[in-house]
4 protein chains.
Amino acid sequence: VRYPETDRMGVAHHSHFLVWFELGRTELMRATGCSYRDLEDREGIFFPVVEVQARYRAPARYDDVLDISTRMVLASGARVRFEYTISRADDGSPVATGFTEHASIGRSGRPTRLPDSVLARFAGGGPGNR
Amino acid sequence: VRYPETDRMGVAHHSHFLVWFELGRTELMRATGCSYRDLEDREGIFFPVVEVQARYRAPARYDDVLDISTRMVLASGARVRFEYTISRADDGSPVATGFTEHASIGRSGRPTRLPDSVLARFAGGGPGNR
Amino acid sequence: VRYPETDRMGVAHHSHFLVWFELGRTELMRATGCSYRDLEDREGIFFPVVEVQARYRAPARYDDVLDISTRMVLASGARVRFEYTISRADDGSPVATGFTEHASIGRSGRPTRLPDSVLARFAGGGPGNR
Amino acid sequence: VRYPETDRMGVAHHSHFLVWFELGRTELMRATGCSYRDLEDREGIFFPVVEVQARYRAPARYDDVLDISTRMVLASGARVRFEYTISRADDGSPVATGFTEHASIGRSGRPTRLPDSVLARFAGGGPGNR
């Protein structure tokens, strides 16, 4: 938890959890061998967020070290969903859970089916931690 | 939409919608005569977010002017919920919808029933725009 | 001052002043009849920041209303400089001062002289407040 | 470089460099055995930024890995200064340089001389990388 991620309540502002979710899925994708940067730059595929949900269980404070566990739930057609559990690294206690759902679109902005090569890599993806 | 709120897709990053939701409920509360700052500073009541959900309908681009329409749905006991509709100011087309649910806690960190005076003011609150 | 702009010291994090500086120059440019969005979209000219300096005089707290006074100091060749004074709206007391210096580059990424039409408009620009 | 740290120019927004500077000094302090969190929580000493300067040499793009080299220049009396060099991790090319100057204040908000124990630890501090 970085200093400017805290607010005057002394805890991490709830909007930053969406950034941490993003770190989780970024590292999960990197671990599968297809980084999100490559997906955009080489495949011309973008994953705009169409829905997000987060439940906050316990506050996160400055300099806390957090684990982000990410799971890809479905990657069929032109829709991808990631599920997240954020917990404290020291005692594993839960901090937040949530999911994001993404459209898969091409450079033109139209929905695009994920290439089989990408789907195959995702299918073998495990949890991504930070 | 501020410049640093955009990302390399050229559109507002989805995490900033949570900040805009917050602007919506802040202005709604101010309009009822009990600003969120007063609630914290005078009443010692805080509204940490316990759940958030957002659906993104259309991208928001740099310098777009957006309207945030906020509605308080329930304010009973120690739980408050706000619902949001964000739309483009020029043509009213929808950009995003969502809600946040808040606990009402006191300085000690324990759930606190909202004072009747605050509940009464909220009951008369209308939509807040920006 | 928005809630997530505060940090656990209870004041606005110093990095947000750079965002407010940007609001100042954006509104100043809009007031001259050439918005920054138009400059990018129509003229293909970008103003990346090459240097920034800020001095912090007094803290800014949540929900404080601030004035941003912006002055364009030189707009010759391919270099632009803006100077900022941020003060409290209620009593005018100073909060921060600073400047940003910008290169003027074209879509190719190379330094580009500002069109005379833009320079002329800037020359007549007054202070921009928010 | 995180995704939301980029802007529609496709590069990291200049305001995030101040956050990265902060990561640099945080890790430098942690390396000296006195984390910034401890300084605040145990010693009751805060380091508000009184001046910042940054020069941007080259853009930083999404997913770039950056090194932050931090040096503490003076820690005498109630004033601390950190100097930063940010460079690309892959080829060491410079991205930005800058400094921050901090007041040292106590819980009361008044300038406070740093304890000798802290000064001594800082005196032995080396570069902090990330």
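A short reminder: the numbers here are calculations on the coordinates, not readings from a lab. Every value quoted in this text rests on a predicted model; they were computed, and no experiment measured them. Please note: Cβ atoms are built from the backbone with ideal geometry, for glycine as well, and neighbour counts cover all protein chains shown.
Given the rule -39500 (n - 2.57) for each run of at least 4 DSSP H residues, summed and divided by the residues of chain D, what is its mean residue ellipticity at 222 nm, to the nearest 500 deg cm²/dmol? Each step should come with its number before you reach the end.
On the way: 2 runs with 24 residues, N = 130.
Value at 222 nm, helices only, nearest 500: -5500 deg cm²/dmol.
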Distant-in-sequence amide H partners of C:Ala60 (H built 1.01 Å from N, under 5 Å): C:Ala12
Efficiency of FRET from Cβ geometry, C:Ala120 and D:Val73, R₀ 60 Å, rounded to 0.05: 0.85
Part-to-part distance (alpha-carbon centres) for region B:55-113 and region A:1-68, which is given in Å: 21 Å
Residue with peak Gaussian network fluctuation, chain B [Cα springs, cutoff 10 Å], from B:Tyr36, B:Tyr56, B:Tyr84: B:Tyr56
Within chain C: Cβ-based charge dipole about Cα centre, in debye rounded to nearest 20 (Lys, Arg +1; Asp, Glu -1): 320 debye
In degrees, nearest ten, helix C:16-31 long axis to first principal axis of chain C (Cα): 50 degrees
